[in-house]
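*Asks:* So that we are looking at the same thing, I have put the structure below in structure tokens.
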């Protein structure tokens, strides 16, 4: 966050040029703020964050490629978000994910001023991006794709392309297309976000896409391994085997 006597650094993320122009015009008239970046999609926003170092992101919700909630998941914990959208149906979700405020288009100058005045009230620590996005999902909704940031690269992986998920210290590894993509998240968070009719926790360190399972073999007494269609082998715990049997 900027020091109290320095301008608030603002980034605008919106796929519509008129919306960006309107926000830009409002910010120009406001003291103690500076516009450091404008992005027309979520991919560009995620890539620009490190260089722009904004204090606040004015973030549209409905965008192609990455929506606002997916962008939020890939942001650092010190960045504050004010959602800006034409649809009030997202208001509750915005506050559920700890947004500073929610602005409905067209944005009134006094509402933007009020929203920015609330930024200092939001102090760290913030929940992780994955936790924020999890809280934004409605009960019974499960992820259809996973977003993973790898340096300046952003991977969007459909869940049906995931073979399995593996715990690796403070990260999880998503196995897809023959490679592992790492994300700073817990396996429990991933498990809660995936459809339990399609993914099952077979071991304390593994979640399996059941469509990839070829067979389960007895490895030793009370010890089994899952054989995937590509020949990969994963350990199966006793409780994991029970969950797998229930699902199959």
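Residue-wise test of (1) in contact with a helix residue (DSSP H, G or I) (Cβ under 6 Å, 6 or more places away or on another chain); (2) surrounded by fewer than 19 Cβ atoms within 10 Å (Cβ to Cβ).
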| position | (1), (2) |
| --- | --- |
| 186 | no, yes |
| 195 | no, yes |
| 201 | yes, no |
| 209 | no, no |
| 218 | no, yes |
| 232 | no, yes |
| 238 | no, yes |
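*Asks:* Within the range 167-177, track down each residue that is in contact (Cβ under 8 Å) with a residue 24 or more places away in the chain and either in the same structural domain as residue 65 (by TED's automatic domain parsing) or surrounded by fewer than 19 Cβ atoms within 10 Å (Cβ to Cβ) (or both).
*Replies:* If the condition is that a residue be in contact (Cβ under 8 Å) with a residue 24 or more places away in the chain and either in the same structural domain as residue 65 (by TED's automatic domain parsing) or surrounded by fewer than 19 Cβ atoms within 10 Å (Cβ to Cβ) (or both), then 167 is the only one that fits.
*Asks:* Show me the strands (runs of 3 or more DSSP E) found entirely inside the range 68-168 where at least 2 residues are over 12 Å from the mean Cα position of the chain (by Cα) and at pLDDT below 90. Working first, answer last.
*Replies:* Working: elements: 80-85, 101-104, 145-150, 153-158, 162-168.
It comes to 80-85, 101-104.
*Asks:* Working carefully through the options 171, 219, 206, find the one that is under 23 Å from residue 73 (Cα atoms) and over 15 Å from the mean Cα position of the chain (by Cα). I'd like the intermediate steps shown before the answer.
*Replies:* Values: 171 fails: over 15 Å from the mean Cα position of the chain (by Cα); 219 fails: under 23 Å from residue 73 (Cα atoms).
After applying the criteria, what remains is 206.
*Asks:* What's the total number of residues in the range 49-67 that are outside any loop (DSSP other than H, G, I, E, B) and either touching a strand residue (DSSP E or B) at 6+ places or on another chain (Cβ under 9 Å) or in the same structural domain as residue 158 (by TED's automatic domain parsing) (or both)? Before you say what the answer is, go through the steps one by one.
*Replies:* Taking the range 49-67 first, the residues outside any loop (DSSP other than H, G, I, E, B) are 49-52, 56-60.
Add one more test, that the residue is either touching a strand residue (DSSP E or B) at 6+ places or on another chain (Cβ under 9 Å) or in the same structural domain as residue 158 (by TED's automatic domain parsing) (or both), and what stays is 49, 51-52, 56-60.
So the answer is 8.
The values are calculated or read from the model by the stated rules, or taken from the named source; none is laboratory data. Owing to the predicted nature of the structure, the values given are computational and were not obtained by experimental measurement. Because the Cβ atoms are built from the backbone with ideal geometry, glycine has one as well, and the counts that use them run over all protein chains shown.
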